[in-house]
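*Asks:* Here it is: the structure, laid out below.
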Amino acid sequence: MTISTRPLPARLLAATTAGLLSVGLLAGCSTEDAATPAATASASAEASAAATEAAEVTELTYEGETGRTALDLLLEHDPQAEVSGEGEMAYVTGIGGRTAEDGTEFWGFYVDGEMAEVGAGSFETEDGQQILWKLEKIES
């Protein structure tokens with residue numbers, strides 16, 4: 001039997017340090033790739049956040065380009081935009097994964113802060129114009 005002559009706090013500190021070093025070495029020598037579960041969890045969290053953001057999209061802005069319609073530019077900026085009809089008769093129903101609720105919402109189309117008086121498929125933009133799509137509530 002060995003009796004230590006060190007004071008109790010020093011023995012406690014030495015034992016704690018030895019234990020922590022052992023745990024660190026065992027964790028570092030693990031054969032399982034510890035980064036994989038963390039990376040998977042991180043990717044899942046990012047995908048979940050992206051899905052949440054898509055559901056909360058209420059506006060989209062872009063600049064006009066001379067000779068191109070607001071609808072063409074919308075589809076370039078959001079290829080998954082939902083459109084009913086074609087050309088001058090097109091009606092935008094969804095942007096950024098957010099579909100307007102029938103009867104209560106619509107996607108409003110603004111040019112330089114003013115609501116457009118024609119549809120996006122008819123409106124030829126000009127360089128420098130600010131185009132804004134905004135999810136609006138239908139007032140009853």
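*Asks:* Against the definition (aliphatic (A, V, I, L, M), farther than 17 Å from GLU56 by Cβ and exposed (fewer than 15 other Cβ atoms within 10 Å of the Cβ)), how does VAL118 come out, yes or no?
*Replies:* So VAL118 passes the test.
*Asks:* Oh, and also: In this structure, does ASP102 turn out to be out of contact with any helix residue (DSSP H, G or I) (no Cβ under 8 Å at 6 or more places or on another chain), under 21 Å from GLU56 (Cα atoms) and modelled with pLDDT under 95?
*Replies:* yes
*Asks:* Do you know which residues across the range 82-115 are at negative phi, small (Gly, Ala, Ser) and surrounded by fewer than 17 Cβ atoms within 10 Å (Cβ to Cβ)?
*Replies:* Of everything in the range 82-115, those that are at negative phi, small (Gly, Ala, Ser) and surrounded by fewer than 17 Cβ atoms within 10 Å (Cβ to Cβ) turn out to be SER84, GLY108.
The values are calculated or read from the model by the stated rules, or taken from the named source; none is laboratory data. Given the structure is predicted, the values throughout are model-derived calculations rather than measurements. Positions of Cβ are generated from backbone atoms using ideal geometry, with glycine treated the same way; all protein chains shown enter the neighbour counts.
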